[in-house]
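K.L.:
Take this structure, written in structure tokens, and hold onto it; I'll ask about it next.
The values are calculated or read from the model by the stated rules, or taken from the named source; none is laboratory data. Given the structure is predicted, the values throughout are model-derived calculations rather than measurements. For neighbour counting, all protein chains shown are included, and Cβ atoms are generated from backbone atoms with ideal geometry for every residue, glycine included.
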Amino acid sequence: MNLSDRIKQQLGPVALEIDQPLANRIYVYVNADQIVAAVRGLYEGLGARFQILTGLESRSAIELLYHFSFDSEGTVVTLKTKVCTAFPEIESISPLMASALWIEREVHEMLGVSFRGHPDMRRLLMSDDWPEGIHPLRRKYQL
Amino acid sequence: VKKTILPVGPFHPIQEEPECFQLHLDGERIVDMDVRIGYNHRGVEKLSETKTFHQVPFLVERVCGICSASHPLAYIQAVEDIAGVRPPPRALYLRTIVNELERVHSHLLWVGLAGHFIGYNTVFMWAWKYREPVMDLLEELTGSRVNYANARVGGVSRDIANADLAKINRYLEVMDPAVELFAGAVADDPVIHARLKDVGVLSRRDARDYAVVGPTARAAGIPIDVRRDDPYAAYDDLDWDVCVEESGDVFAMAVVRLRELMECSKMLRQAVRKIPGGPIDAVVRAIPPGEALGHVEAPRGETFHYVRSDGGANPVRHKIRAPSYVNVPSFRARAIGETISDAVLIIASVDPCYSCTERLAVVRSADGQAELSGEDLLRLSHERTAEIRKQYGRTKLDELLAKMPPVV
């Protein structure tokens with residue numbers, strides 16, 4: 001069975017849509033409240049390696065992209081989800097893996113996304129005197 | 001229990017990447033630790049959104065002075081996927097050659113520093129003596145010792161004449177026997193074993209939990225290497241092996257890097273022999289809307305870039321994840337239970353970009369404050385090696401080091 005079928009089987013209805021623009025790149029769309037189930041499916045169910053989380057503000061929402069590498073297949077699978085721009089919040093995946101601890105802190109300070117259940121939400125990169133509530137990767141923050 | 005907190009870092013003028021490690025000690029033993037980063041945060045991701053697609057490589061090759069070929073390449077591969085462009089074969093070979101030369105100088109730099117940390121300063125001088133000609137070669141081939149500005153979206157910016165590429169072989173003639181001799185001497189030296197074996201062990205489970213990459217992962221028995229797993233540039237055309245060790249200790253991390261130096265040499269020789277002629281650039285003008293990601297095996301592990309385009313002149317989002325970002329937090333799993341004299345070594349063993357072994361203060365909870373310098377931390381490590389060397393007397397490695405020609 002090819003990888004995208006295995007993902008479909010593993011995630012079931014959690015995977016809303018699967019898109020494969022290139023042979024070695026797969027994008028899986030999921031609802032934000034299903035993110036832990038989706039991550040668990042790829043990480044524990046299919047043995048993927050967590051690469052990183054990308055947060056970005058698009059026109060209508062804050063998008064969160066969880067990148068996983070299937071090294072033996074040479075394929076990168078990205079879980080894509082959206083949270084609302086005004087009160088961005090999502091369940092933390094750090095209880096599942098230590099590799100998410102830093103990046104969730106980073107997305108929190110850069111975009112203002114809250115990660116429910118993260119054990120340590122201190123700042124990671126910005127200095128201590130950087131003002132509260134200003135998130136440099138938001139669109140309204142201009143250089 | 002009276003706990004001592006020992007902050008290591010954050011600043012040193014020659015460091016590329018200041019970090020601060022807070023070691024919580026019970027006597028000499030590390031019982032907990034915390035890492036603070038961000039001292040050198042330059043906002044490259046945000047800055048990238050203000051540059052055109054063709055300017056970004058010049059920005060990201062400055063993310064790190066050592067991985068200045070890997071970062072732009074990962075970005076460029078992402079943009080080429082968005083544009084649907086495949087660079088000409090000669091360009092792919094030139095990218096491979098510059099990236100492998102980068103790995104050679106990076107690994108030699110690490111070998112030298114590791115030697116210095118455990119008190120073999122001759123190794124430090126010796127390794128850097130062989131590193132210097134690689135920097136000279138890169139300057140001759142690309143125009144610069146660092147920040148080569150070699151790869152560009154669609155190909156490479158400048159051709160390298162085959163006659164100049166032949167100089168790489170001449171360098172390898174000198175490097176190969178030196179690395180082989182050295183690796184052989186290290187492999188069964190009792191003092192090196194005593195200092196590096198079973199120190200800072202990264203279990204396979206922790207390696208997966210922290211999602212470490214590169215030599216750090218391969219030393220812990222995780223056989224991943226982007227060059228083989230998701231091949232790019234010309235790696236698919238070359239015959240080489242991924243170096244994997246099982247023990248996950250500092251020794252394994254040293255062995256993996258030394259073996260990789262030999263693999264680099266194998267790849268470079270083949271690439272110089274097999275490089276095809278032809279154009280070096282598929283001209284790319286506008287980048288259509290879309291998103292893509294690129295990853296490249298940098299000397300320290302996978303570097304990851306995600307790019308999104310809305311069809312304009314600049315990326316609207318550019319995410320960068322350097323290998324040290326996932327390798328550094330794994331110290332927590334490796335350092336707890338070890339002693340301070342091994343701390344420098346464990347921190348250095350993942351080749352962070354570069355750790356803060358200088359400017360260190362001991363803060364005692366009850367009886368005031370005392371200050372120790374980074375040199376004191378090094379001294380602790382050197383004393384430990386000296387003690388062990390006394391037990392073993394003169395070893396094969398000492399014979400080899402004594403025979404090395406003086407460095408001028």
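K.L.:
Residues that are in a helix (DSSP H, G or I) and either within 14 Å of chain A (Cβ to nearest Cβ) or within 17 Å of the chain's Cα centre (by Cα) (or both): does the range B:296-312 have at least one?
P.N.:
First, the residues of the range B:296-312 that are in a helix (DSSP H, G or I): none.
Looking for residues that are in a helix (DSSP H, G or I) and either within 14 Å of chain A (Cβ to nearest Cβ) or within 17 Å of the chain's Cα centre (by Cα) (or both), one finds none in the range B:296-312, hence no.
K.L.:
Mind listing whichever residues of the range B:59-78 are within 14 Å of B:Val153 (Cα to Cα) and polar (S, T, N, Q)?
P.N.:
Selection gives B:Ser70, B:Gln77.
K.L.:
Now a separate question. Considering only residues that are touching an Asp or Glu at 6+ places or on another chain (Cβ under 7 Å) and either more than 7 Å from chain B (Cβ to nearest Cβ) or free of Cβ contacts under 8 Å to residues at least 60 places away in the same chain (or both), which ones fall in the range A:56-71? Outline the logic, then answer.
P.N.:
At the first step, the residues of the range A:56-71 found to be touching an Asp or Glu at 6+ places or on another chain (Cβ under 7 Å) are A:56, A:71.
Hit for the range A:56-71 is A:Asp71, nothing else.
K.L.:
So in the range B:21-44, with the set limited to residues that are away from every other protein chain (no Cβ under 14 Å) and crowded, with 16+ Cβ neighbours inside 10 Å, which one is modelled with the lowest pLDDT? Steps first, please.
P.N.:
Just the residues of the range B:21-44 that are away from every other protein chain (no Cβ under 14 Å), to begin with: B:21, B:23-31.
Next cut, crowded, with 16+ Cβ neighbours inside 10 Å only: B:21, B:23, B:25, B:30.
Details: B:Phe21: 79, B:Leu23: 83, B:Leu25: 87, B:Ile30: 89.
This residue is B:Phe21.
K.L.:
Taking only pairs six or more apart or across chains, which ones have beta-carbon atoms under 8 Å, a first residue in the range B:153-182 that is under 18 Å from B:Thr96 (Cβ atoms), and a second residue that is in a strand (DSSP E or B) and of a type outside the set (A, V, I, L, M)?
P.N.:
Here the result reads B:Gly154/B:Asp281; B:Gly155/B:Asp281; B:Val156/B:Asp281; B:Ser157/B:Asp281, each pair linking the range B:153-182 to a residue that is in a strand (DSSP E or B) and of a type outside the set (A, V, I, L, M).
K.L.:
Scan the range B:195-206 residue by residue and report those that are surrounded by 24 or more Cβ atoms within 10 Å (Cβ to Cβ) and at pLDDT 95 or above.
P.N.:
Hit for the range B:195-206 is B:Leu202, nothing else.
K.L.:
Kindly establish whether B:Ala322 is away from chain A (no Cβ under 11 Å) and touching a residue at least 24 places away in the same chain (Cβ under 8 Å).
P.N.:
On the way: away from chain A (no Cβ under 11 Å): no; touching a residue at least 24 places away in the same chain (Cβ under 8 Å): yes.
No.
K.L.:
If B:Ala211 passes every condition in (1) in a loop (DSSP other than H, G, I, E, B); (2) within 30 Å of B:Arg90 (Cβ to Cβ) but one, which one does it miss?
P.N.:
(2)
K.L.:
I'm told A:Met1 meets every condition in (1) at pLDDT below 95; (2) closer than 26 Å to B:Glu49 by Cβ except one. Can you identify the failing condition by its number?
P.N.:
Just one mismatch for A:Met1, condition (2).
K.L.:
When you go through A:Leu96, A:Leu143, A:Leu137 one by one, which is the residue that is part of a loop (DSSP other than H, G, I, E, B), surrounded by 17 or more Cβ atoms within 10 Å (Cβ to Cβ) and touching a Lys or Arg at 6+ places or on another chain (Cβ under 7 Å)?
P.N.:
A:Leu137
K.L.:
Could you grab me the full set of residues in the range B:101-155 that are modelled with pLDDT of 90 or more, crowded, with 19+ Cβ neighbours inside 10 Å and among the small types (Gly, Ala, Ser)?
P.N.:
Across the range B:101-155, the qualifying residues are B:Ser106, B:Ala127, B:Ala151, B:Gly154, B:Gly155.
K.L.:
Which residue, of A:Glu109, A:Glu132, is outside any loop (DSSP other than H, G, I, E, B) and more than 9 Å from chain B (Cβ to nearest Cβ)?
P.N.:
The conditions single out A:Glu109.
K.L.:
Do we have A:Lys82 as basic (Lys, Arg) and more than 29 Å from B:Arg204 (Cα to Cα) here? I'd like the intermediate steps shown before the answer.
P.N.:
Working: basic (Lys, Arg): yes; more than 29 Å from B:Arg204 (Cα to Cα): yes.
Taking the combined requirement at face value, the residue satisfies it.
K.L.:
Grab the helices (runs of 4 or more DSSP H) fully contained in the range B:49-121, keeping just those with 1 or more residues being within 14 Å of another protein chain (Cβ to nearest Cβ) and within 19 Å of the chain's Cα centre (by Cα).
P.N.:
Filter on the range B:49-121 gives B:70-83.
K.L.:
Moving on to the next point. Name the single residue that is modelled with the lowest pLDDT among those in the range B:156-189 being acidic (Asp, Glu) and within 30 Å of B:Leu400 (Cα to Cα).
P.N.:
Once the filter is applied, the top-ranked residue is B:Asp188.
K.L.:
Sticking with this structure for a sec: Can you tell me which condition A:Phe87 does not meet? The list is (1) at pLDDT below 95; (2) over 20 Å from A:Glu57 (Cα atoms), and all the others hold.
P.N.:
Here A:Phe87 clears every test but (2).
K.L.:
Answer with yes or no whether A:Leu125 is within 9 Å of chain B (Cβ to nearest Cβ) and surrounded by fewer than 13 Cβ atoms within 10 Å (Cβ to Cβ). Break it down stepwise before answering.
P.N.:
Values: within 9 Å of chain B (Cβ to nearest Cβ): yes; surrounded by fewer than 13 Cβ atoms within 10 Å (Cβ to Cβ): no.
In short, no.
K.L.:
Looking at the range B:199-211, which of the residues that are out of contact with any strand residue (DSSP E or B) (no Cβ under 7 Å at 6 or more places or on another chain) and at the interface with another protein chain (Cβ under 9 Å from one of its Cβ atoms) is farthest from A:Gly74 (Cα to Cα)?
P.N.:
B:Asp206
K.L.:
For the structure I just gave you, tell me whether B:Ala271 is modelled with pLDDT of 95 or more and either touching a Pro at 6+ places or on another chain (Cβ under 6 Å) or more than 12 Å from every other protein chain (Cβ to nearest Cβ) (or both).
P.N.:
On the way: modelled with pLDDT of 95 or more: yes; either touching a Pro at 6+ places or on another chain (Cβ under 6 Å) or more than 12 Å from every other protein chain (Cβ to nearest Cβ) (or both): yes.
Yes, satisfied.
K.L.:
If A:Ala48 satisfies all but one of (1) under 27 Å from B:Gln77 (Cα atoms); (2) among the aliphatic types (A, V, I, L, M); (3) surrounded by fewer than 22 Cβ atoms within 10 Å (Cβ to Cβ), what's the number of the condition it fails?
P.N.:
(3)
K.L.:
Also, I was wondering about something else. Does any residue in the range B:189-205 that is polar (S, T, N, Q) come within less than 9 Å, Cβ to Cβ, of a residue that is buried (at least 19 other Cβ atoms within 10 Å of the Cβ) and part of a loop (DSSP other than H, G, I, E, B) six or more places away or on a different chain, and which pairs are these?
P.N.:
If the second residue must be buried (at least 19 other Cβ atoms within 10 Å of the Cβ) and part of a loop (DSSP other than H, G, I, E, B), the pairs left are B:Ser203/B:Ala220; B:Ser203/B:Gly248.
K.L.:
Just checking, which of B:Arg257, B:Arg218 is surrounded by 21 or more Cβ atoms within 10 Å (Cβ to Cβ), charged (D, E, K, R) and either closer than 24 Å to B:Pro190 by Cβ or more than 12 Å from chain A (Cβ to nearest Cβ) (or both)?
P.N.:
Sole residue among the options that is surrounded by 21 or more Cβ atoms within 10 Å (Cβ to Cβ), charged (D, E, K, R) and either closer than 24 Å to B:Pro190 by Cβ or more than 12 Å from chain A (Cβ to nearest Cβ) (or both): B:Arg257.
K.L.:
Take the conditions aliphatic (A, V, I, L, M), within 11 Å of chain B (Cβ to nearest Cβ), surrounded by fewer than 18 Cβ atoms within 10 Å (Cβ to Cβ) and free of Cβ contacts under 8 Å to residues at least 60 places away in the same chain and apply them to A:Ala23. Does it pass?
P.N.:
yes
K.L.:
Next question, about the same structure. Only residues that are among the small types (Gly, Ala, Ser) and within 13 Å of chain B (Cβ to nearest Cβ): list them for the range A:91-106, please.
P.N.:
Passing the criteria: A:Ser94, A:Ala98, A:Ser99, A:Ala100.
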